[in-house]
Amino acid sequence: MTTAGGFAPGGTFTCSVARLTWTVVVLTALVLQSTLFAQVKLGGVKPDLVYLVTIVLAFLEGPSSGALAGFAGGMAEDFLLNQPKGITALTLTLVGYSVGALRQYIVTPSPLLPVLLVGAATFGGVLFNQLVAFLLGQSNAGSGFVLRVAVLESIYNAVLTPLVFPVVRRVAEASRPRKAARW
C-alpha cells in the first residue's frame, strides 16, 4: 500500500521505480533498433523493436502501461529517427492500449500466443501508421509496398518475440512491488 506521495511503507518509491525500469527497457529497444538492427534487414525491412517491446509490455502489464510505453517510445522514435512527429506515438499508444485491453479476454497459456499477438499487432500498427501518414500527406507509398512492409515487419517481430518476451517478462516481474507478509 502506498501513501499519497507514492511512497511504500518501507520507504521505497515503487511507482517511480517501475516507470524508470520501463523507460530503460523502451530506450534500450530504441537504441538497439537504431544501431544493431538498422543493419539487419529482411527483404529490405528491419524489425521495429519499439513495437515489439510495447506489445509485450501491454500484454504483461495492461492497457495503461502499454499506452504509456507506446507513447514514450513512439515520441522517442519520431525524434530520434527524424520522422513526422506524433504519428508513431499515436500508433504505439493505440496499439499498446488495445493489446493491454485485449489481454483480459485471452485465457490460453499457449507459448505461441505472444508470437501471434506480436505479429498481428505489428501488422495492424504498421498499416495504421501508414494510413495516418498518408492522410496527413507525409507518405505517398503505394498500397502494395505498405502491405509488403507490414507483412515482413510483423514476421520479423514475431520471430524476435521468443528472444525478447522472457527478458521483458523478467523485468516486469522484478518491477512489480513485493507483497508484504502480514501476520
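FYI, it's all coordinate maths here, none of it is from the lab. Values in this document were obtained by computation on a predicted structure and should not be read as measured data. No Cβ is skipped: glycine too gets one built from the backbone with ideal geometry, and neighbour counts run over all protein chains shown.
Numbers at a glance
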| quantity | calculated |
| --- | --- |
| Burial order of peptide ranges 55-63, 100-108, 43-51 (average beta-carbon count within 10 Å, highest first) | 55-63, 43-51, 100-108 |
| Net lengthening on full extension, residue 163/residue 135 (0.36 nm per residue, minus Cα-Cα) | 6.6 nm |
| Computed [θ] at 222 nm, deg cm²/dmol, the chain (DSSP H ≥ 4; -39,500 (n - 2.57); rounded to nearest 500) | -23500 deg cm²/dmol |
| Calculated P(r) of the range 71-145 - Cα pairs past 15 Å, % | 61 |
| Label-to-label distance, nm, for residues given as residue 170 and residue 101 (7 Å Cα→Cβ offset) | 3.3 |
| Normalised contact order of the chain, rounded percent, pairs of Cα under 8 Å and 6 or more residues apart | 23 |
| Estimated FRET transfer efficiency (residue 143, residue 42; beta-carbon r; R0 25 Å; 0.05) | 0.80 |
| Cα-centred dipole magnitude for the chain, charges only on beta-carbon of K, R (+1) and D, E (-1), debye, nearest 20 | 480 |
| Quotient of C-alpha Rg and 2.2 N^0.38 Å, computed over the chain | 1.09 |
